Amino acid sequence: MKKFIALGLCFLILTFTACNQGNKDSGSPFGNNDGFIVVGFSQVGAESDWRLANTKSMRETFNEENGYKLILKDAQQKQENQIAAIREFIAQKVDYIVFAPVTEEGWDDALREAKNAGIPVIIVDRMIKTSDDSLYTCWVGSDFRKEGDTAVAWMETTFKDRASLKIVHLQGNIGSSAQIGRTEGLQAGVERNKGWEVIYRATGDFTQVKGKEVMEFVLKQYDSFDVVYCENDNMAYGAMEAMDVAKKPYGLNGGVTVISFDATHAGLDATIKGRINYNVECNPLHGPRVETIIKQLINGETPDKLAYVDEAAFDAATITQEDIDARAY
Ligand code: GYE
């Protein structure tokens, strides 16, 4: 009988140790990958220069030299791909999930699964809409509404003597925070300024190709307009290409005023050349910011739930070559 009890106890102890070991491997912040911290990053896509700079920043931060294994999944601008990527990361038992949500709505189920698996979720760039803030650890990104307001404040000063202003509005991906904030800024401007009118509005999906397509259509439909408000640099390049072909004057020398967002290196080049009149910065260098958050979590600290990045804006009339040279993206 004693023998039997002793055997039983041994079995219990062995089972307990094995289970504990299992938990340790899957739940530790240092993971079970030879000491590397495993980061699953669900990226929106490769639609713009901003996005490429953002991906580069993540790759440069989360590499083996710095102690990380990065699993990067490009969602090609599709929410279902991002949800699948989050589920894959959970199955792979990554230590952290980082994701840049393509749109704001529809993440609760996938995030709840991550939460139940005990994996911290760090949201970057765009934001989500949820009624349960505990579904993500924290967010770092831009204040897109403020970016829109900055552009509109410049328009209000520049066009203060104009009785009327006809605006063409090229929107980003509908439902993304970057589109929502920049669009809201313009809408508020239109409501405040009596003579302002958006004569045409369409999405260019943040890409150069679609920006060009939309502008080609606009040029066929409308003889005159004063401003093209492009919600990113790449759509501005597309719009300018179409205006070049149509010989429609734009930029600092007169004609259509071009407003853009992102202020990437190429965007600022176009600004100093006077092709883009005003370019509002959106900073994509989130890699080091996310790393700081991960380190805080490892040290048992609580990162800020929401962290906004400081951003500037550039006027073609005053931008300097030093502004451009200082740019890392
Ligand atoms: O402005 C645009 C990109 O979400 C801030 O997405 C980002 C936006 C950026 O495709 O170029």
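No value in this document is a laboratory result; all are computed from the given coordinates. Every value quoted in this text rests on a predicted model; they were computed, and no experiment measured them. Note that each Cβ is placed from the backbone with ideal geometry, even for glycine, and that neighbours are counted across all protein chains shown.
Across segment 103-191, Cα pairs under 8 Å and at least six residues apart give a relative contact order of 33 percent. When only C-alpha pairs under 8 Å and at least 6 residues apart count, what is the relative contact order of segment 72-114, in percent? Over segment 72-114, the number comes to 46 percent. Cβ-Cβ distance of Glu191 and Asp34, R₀ of 56 Å, FRET efficiency by 1/(1 + (r/R0)^6): the value works out to about 0.45. In this calculation the C-beta distance from Asn253 to Ser164 is compared with R0 = 30 Å, giving a FRET efficiency of 0.90. Taking 0.36 nm per residue of separation and subtracting the current Cα-Cα distance, fully stretching the chain between Gln221 and Asp315 would add 30.9 nm. If the chain linking Ala266 and Arg59 were pulled fully straight, counting 0.36 nm for each residue of separation and taking away their Cα-Cα distance, it would gain 72.4 nm. Sorted fewest first by neighbouring Cβ atoms within 10 angstrom, Cys230, Cys282, Cys138 come out as Cys138, Cys282, Cys230.
Helix-only arithmetic for the chain: the sum of -39500 (n - 2.57) across DSSP H runs with n ≥ 4, divided by the residue total, places the mean residue ellipticity at 222 nm at -14000 deg cm²/dmol. Annotation: peptides 257-263, 62-68, ranked by per-residue average of other Cβ atoms within 10 Å with the highest first, follow the order 257-263, 62-68.
Looking at the chain, the DSSP beta bridges with both ends there are about 10 percent antiparallel. For the chain, the relative contact order works out to 15 percent when only alpha carbon pairs closer than 8 Å and six or more residues apart are counted.
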